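The values are calculated or read from the model by the stated rules, or taken from the named source; none is laboratory data. Predicted model, so just to flag it, every value in this text is computed and none were measured. Here Cβ is always computed from backbone atoms with ideal geometry, including for glycine, and neighbour counts include all displayed protein chains. Quick note on the areas: whole protein, heavy atoms, side chains included, nothing else; ligands and nucleic acids left out. Shrake-Rupley method; radii C 1.70, N 1.55, O 1.52, S 1.80 Å.
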Amino acid sequence: MYDFDKITDRRNTDSIKWDIRENELPMWVADMDFEAAPEIIEAFSERLKHPVFGYSKLCDEWYEAYINWWKKYHGLEIKKEHLTFCSGVVPAVSSMIRHLTSEGEKIVLLTPNYNHFYNCIKDNGRQALEVEMNYDGNSYHIDYESLEKALSQPSAAMMIVCNPQNPTGTVWESSELERIGEMCSRNNVLVISDEIHCDIITPGIKHSPFASASDINRNNSVTCIAPTKAFNLAGLQTSALYIPNDDIRSKVRSSIERDEISMPNSFASAAAVSAFKKGRKWLDELNEYIYNNKLTVRKFLQKEIPDIRLVWGDATYLLWLDCTALKMNSKELAAKIRKNTGLYVMAGSYYGKGGESFLRMNIACPQKLLLDGLDRLKNGIL
């Protein structure tokens, strides 16, 4: 049994998340307040025994760790030559936008969508083409008619798919991904599938990789994968790109090499190998803990704050909260809550169309902190 109730003080550790005022509680950015698995820390300790930290290359175990994990837990067959290292998913996405599309072209997003992808698009001189999902008050569904119209635009060059979806936590069915893939292929739109959150999932629920949905999907996609979200290793800058198509892979490798994001640091390989080879038991217990945290939030909201509704998602530790009944702009609401209580959550408007009346809340923390956050949330809307 691992101790996820343990509170570790992260103040004064150069943490982006915890660089806040003394009375504040951060439940915003997507990193967890749990200590890394002891098995991973042990692997780092072994690496530290050699006191030289020069330029590194990937060991065979790095490839084996990814290949075996994805085959065993996600049913995806990956060949070694189809994997490419990158220092992070967001840098990879930014690089692919920059080098695989042309200035002024459009990148399709299902909204609400991960906020940093908007930055990747805008900062590289491209335009976000938003396709708002249908929200029925309980869950999200793809508006395929609007998606077809967006993909058929001559300027549409790429689609970024959050799989599972961030911020809603939606776990896509294989049939849904197959339909997206067919539409993108027919319109000559390359798919980037961000699957970094796929291992944070409700026990018993299965993740469907985009590339496994069909041969068409496999041949027209880049899948971004990493141990960083599931094992709380984001600061180590390690990820991989799965690219079966030879031509696409050649272009992507060229782009990330030109952008100098293709070289691993001294701990990048050890992080992935130890996580994927030794971290499963820790991850299973983590998912149970996060699931129970979600149940706690849902019960609390129903009893104490009925004007805020949890949009249930089976993936990620990020909760999407429907605040429509409060009749406030999400930025104003988030600012009010933070000012009045110190609780720092994200305004839904950062995630594009459809997020204006929502908040995003990170619940990957010990339950004591979660309960503190929920009390602050309740007091913050009074």
Within the set of other residues whose C-beta is less than 12 Å from the C-beta of HIS207, count the net charge using Lys and Arg as +1 and Asp and Glu as -1. -3
Radius of gyration and Dmax over the Cα atoms of the stretch 257-382, both given in Å: 17.9, 54
Normalised by the empirical 2.2 N^0.38 Å for globular proteins, what value does the Cα Rg of the chain take? 0.97
Counting Lys and Arg as +1 and Asp and Glu as -1, what is the net charge of the other residues whose Cβ lies under 13 Å from the Cβ of LYS106? 0
Protein-only accessible surface order, largest first, of GLU288, GLU176 at 1.4 Å: GLU288, GLU176
Checked against the positive end of the charge dipole of the chain (+1 on Cβ of Lys and Arg, -1 on Cβ of Asp and Glu, about the Cα centre), the farthest of SER95, TYR344, ALA156 is TYR344
Compute the accessible area per residue over the chain, keeping the other protein chains in place, probe 1.4 Å, unit Å². 44 Å²
Assign one of three labels to the stretch 73-168, namely rounded, prolate or oblate, based on the Cα gyration tensor with a ≥ b ≥ c the square roots of its eigenvalues; rounded applies when a/c is under 1.5, prolate when it is not and a/b is larger than b/c, and oblate otherwise. oblate
Once the dipole of the stretch 1-111 is set up from charges on Cβ (+1 Lys and Arg, -1 Asp and Glu), the residue from the list HIS82, VAL52, THR13 lying farthest towards its positive end is HIS82
Mind checking the dipole of the stretch 303-382: about its Cα centre, +1 per Lys or Arg Cβ, -1 per Asp or Glu Cβ, Debye to the nearest 20? 220 debye
Can you give the accessible area of LYS278, probe radius 1.4 Å, in Å² rounded to 10? 120 Å²
Dipole magnitude of the stretch 74-161 about its Cα centre, charges +1 at Lys/Arg Cβ and -1 at Asp/Glu Cβ only, in debye to the nearest 20? 380 debye
Considering every pair of different Cα atoms, what Kirkwood radius, in Å, is found for the stretch 82-137? 12.3 Å
Just HIS197, HIS207, HIS74 to compare: in a GNM of the chain, with alpha carbon springs under 10 Å, which one fluctuates most? HIS74
When the Karplus curve 6.51 cos²θ - 1.76 cosθ + 1.60 is applied with θ = phi - 60°, which whole-Hz ³J(HN,Hα) does each residue of the stretch 272-284 get, with x for Gly and Pro? 5, 4, 5, 5, 6, 8, 10, x, 5, 4, 4, 5, 4
Just from its helices, what would the mean residue ellipticity at 222 nm be for the chain, if runs of 4 or more DSSP H residues each count -39500 (n - 2.57) and the sum is divided by every residue, rounded to the nearest 500 deg cm²/dmol? -12000 deg cm²/dmol
How about LYS71: which lysines have a C-alpha closer than 25 Å to its C-alpha, ignoring those fewer than 8 places off in the same chain? LYS57, LYS79, LYS80, LYS206, LYS229, LYS277, LYS278, LYS281
Could you pull out every residue, at least 5 positions away or on a different chain, whose amide H is within less than 5 Å of the one on TYR344? Hs are placed 1.01 Å off N in the peptide plane, and Pro or chain starts have none. LEU25, MET27
Per-residue counts of other Cβ atoms within 10 Å, averaged by peptide: what ranking do you get for 85-95, 305-315, highest first? 85-95, 305-315
Rg over Rh, two decimals, the stretch 117-205 (C-alpha only, Kirkwood Rh): 0.96
Out of all DSSP beta bridges in the chain, what portion is antiparallel? Express it as a percent rounded to 5. 50 percent
Among LYS281, LYS17, LYS229, residue whose mean-square fluctuation peaks in a GNM of the chain (springs only between Cα atoms under 10 Å): LYS281
Give, rounded to the nearest 20 debye, the magnitude of the charge dipole that the chain has about its Cα centre when Lys and Arg contribute +1 at Cβ and Asp and Glu contribute -1 at Cβ. 460 debye
I'd like the carbon and sulfur percentage of the solvent accessible area for the chain, probe radius 1.4 Å, heavy atoms only, ligands and nucleic acids excluded. 47 percent
Compute the whole-percent fraction of alpha carbon pairs in the stretch 208-249 spaced more than 15 Å apart. 48 percent
With the Cα gyration tensor of the stretch 153-262 giving a ≥ b ≥ c as the square roots of its eigenvalues, does the rule (a/c under 1.5 for rounded; else a/b larger than b/c for prolate; else oblate) give rounded, prolate or oblate? oblate
